[in-house]
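Structure first, commentary second.
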Amino acid sequence: MARAIRAILFDKDGTLFDFRQSWGGWTQAMIDRLKPVTTGDLAGALGFDTAAQDFAPDSVVIASPMEEIAEAIAGVVSMPYAQIVALMEEVGTAAPMVPAVDLPKVLSELRAMGLRIGLATNDTEVPARAHLAGAGILDLFDFVAGCDSGHGGKPAPGQLLAFAAAMDLEPAAIAMVGDSLHDLDAARAAGMVGIGVLTGPARRETLAPHADVVFETIAEIAPWLKAR
């Protein structure tokens, strides 16, 4: 019999929020803001097609910690690294996030089932909290960790294990939900159930070998848990 899941830890971008619609705008805004100091192909460095407003499969913007994205930007702009990071956070905090599903409804249903809910993102914590608040769901989260919250970033399991410790739960009683291999590899490293979703750039065939189950969206999680 499968062990009961008592908590859900979500990735943010591509999981709670549609990746292309949300981060395409952020990437274009960064390109526009940095144009006066750009010395190389910034769109290329970010793996972003400005005409199609879409990302290459290997884009650094997909799933990477913010410091890796900042390093990619720093290679083709004439601006101090600290200022790049500050601009990324400024633009990220203001970026309009497009929910992948009716987030208040879906997350409230999980809370009503008695589950604890957390967020583990490779974005930084300030924009992450702003995005949750903007979607009207911040108060539904027991835990929020960004790549700068002191636990590292995915695919390392630090954020996941910090959530388990904060909730006083064994990792095996927690499901990590994400749209990328970073999320699922972190779940496996932490000893958690790995749930993949298809609201990010990755396809089912990419995620399935690394996941316990793959859903179209997070809206399928509650029915799945009830049927276990």
Just give me the residues in the range 167-206 being of a type outside the set (S, T, N, Q), assigned to a loop (DSSP other than H, G, I, E, B), within 16 Å of THR217 (Cβ to Cβ) and in contact (Cβ under 8 Å) with a residue 12 or more places away in the chain, in sequence order.
ASP179, LEU198, GLY200, PRO201, ALA202
Hey, ILE174 farther than 16 Å from THR15 by Cα and in contact with a strand residue (DSSP E or B) (Cβ under 7 Å, 6 or more places away or on another chain) or not
yes
With respect to the numbered conditions (1) crowded, with 17+ Cβ neighbours inside 10 Å; (2) more than 22 Å from PRO155 (Cβ to Cβ); (3) under 19 Å from the mean Cα position of the chain (by Cα), which one is the sole condition not fulfilled by LYS12?
(2)
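Counting just the residues of the range 15-49 that are of a type in the set (Asp, Glu) and modelled with pLDDT of 95 or more, which one comes out surrounded by the most Cβ atoms within 10 Å (Cβ to Cβ)?
Ranking the qualifying residues of the range 15-49, first place goes to ASP49.
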Count, please, the residues in the range 94-122 that happen to be touching a Gly at 6+ places or on another chain (Cβ under 7 Å) and within 20 Å of ALA175 (Cα to Cα).
3
Kindly check whether there is at least one residue in the range 191-198 that is crowded, with 17+ Cβ neighbours inside 10 Å, over 15 Å from the mean Cα position of the chain (by Cα) and outside the structural domain of ILE62 (by TED's automatic domain parsing).
yes
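The values are calculated or read from the model by the stated rules, or taken from the named source; none is laboratory data. Being a predicted model, the structure only gives us computed values, none of them experimental. Neighbour counts run over all protein chains shown; Cβ positions are idealised from the backbone, glycine included.
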